[in-house]
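Everything below concerns the one structure shown next.
The values are calculated or read from the model by the stated rules, or taken from the named source; none is laboratory data. Every value quoted in this text rests on a predicted model; they were computed, and no experiment measured them. Ligands, DNA and RNA are stripped out before the accessible areas are found, and what is left, the full protein with its side chains, is counted by its heavy atoms. Shrake-Rupley method; radii C 1.70, N 1.55, O 1.52, S 1.80 Å.
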Amino acid sequence: MPLVAEESRGYQVLAKDWETGLKVVRDFGDQNSLYEHLVDVRGRGNSGPVQFPFDAYSYHYGLLDGELAVGTLTVTRLVDGILDCQSIYPSCILKSFHQEVFTTCKFRISGTGKSSFRTLRMMLRHAWRDQIVQGSRLVLINADQKLVPFYKRIGFEVIQDSEFVHPLLGTASICLLMRADPNSRSFFSDLFEKVEQPITAADIARCHDIHQSADDDCQSPPIANVGIHSHPFPSRHFQGA
């Protein structure tokens, strides 16, 4: 179903790729035309739930092929409301970087022969760029453990000892993070070059030490010292956590 763009206050075209005809757009909340179409993308090949309470206070990014929605990614900022699966993330990180933390979820590209690593990278880059403008500096995700090589490849770091079974999907999952640090190795380092006071690995370690000594409930395992390794793209119709 083609997208009829009702340009709400939060609607914005972030990027256009003239070579492929793809563009990245975003809107905020669940009371707009874009959200309705992205819910449809979420539901393709998915028998589970496709709408969630956090949708109401999240940014929704859409990948459009012409006017047809073929990709979706949802971003929730901690300052805007409770994160999806918030309890599984290290509490000390949430406390120390409350203003800067966001999560991504419901990442899916389907229904186009143009789905490729380039397409995925395009969508993720422009979501990151947009979030930097919002003041975001640290992204937390939970992912199926089978997809960890993909996330490492683009620059995520594994949070050690963070394995869990996803309560809705029932999948063996794990937590990862990415910092807006130009000195970190990622596909987005160039976007981070102008970020003032980037979050460093030392900042993450320091927040763990501070809260571990002050709060016995802080469950903050150390961040794995991992690099970015080459790994083939897992599938054409990729679906993240």
Under the Kirkwood approximation for Rh and a Cα-based Rg, what ratio Rg/Rh is obtained for region 37-150?
0.96
A correct Karplus calculation of ³J(HN,Hα) over region 38-45, with 6.51 cos²θ - 1.76 cosθ + 1.60, θ = phi - 60°, whole Hz and x for Gly and Pro, returns 6, 4, 4, 5, 4, x, 5, x
In what sequence, largest accessible area first, do HIS98, HIS166 appear using a 1.4 Å probe?
HIS98, HIS166
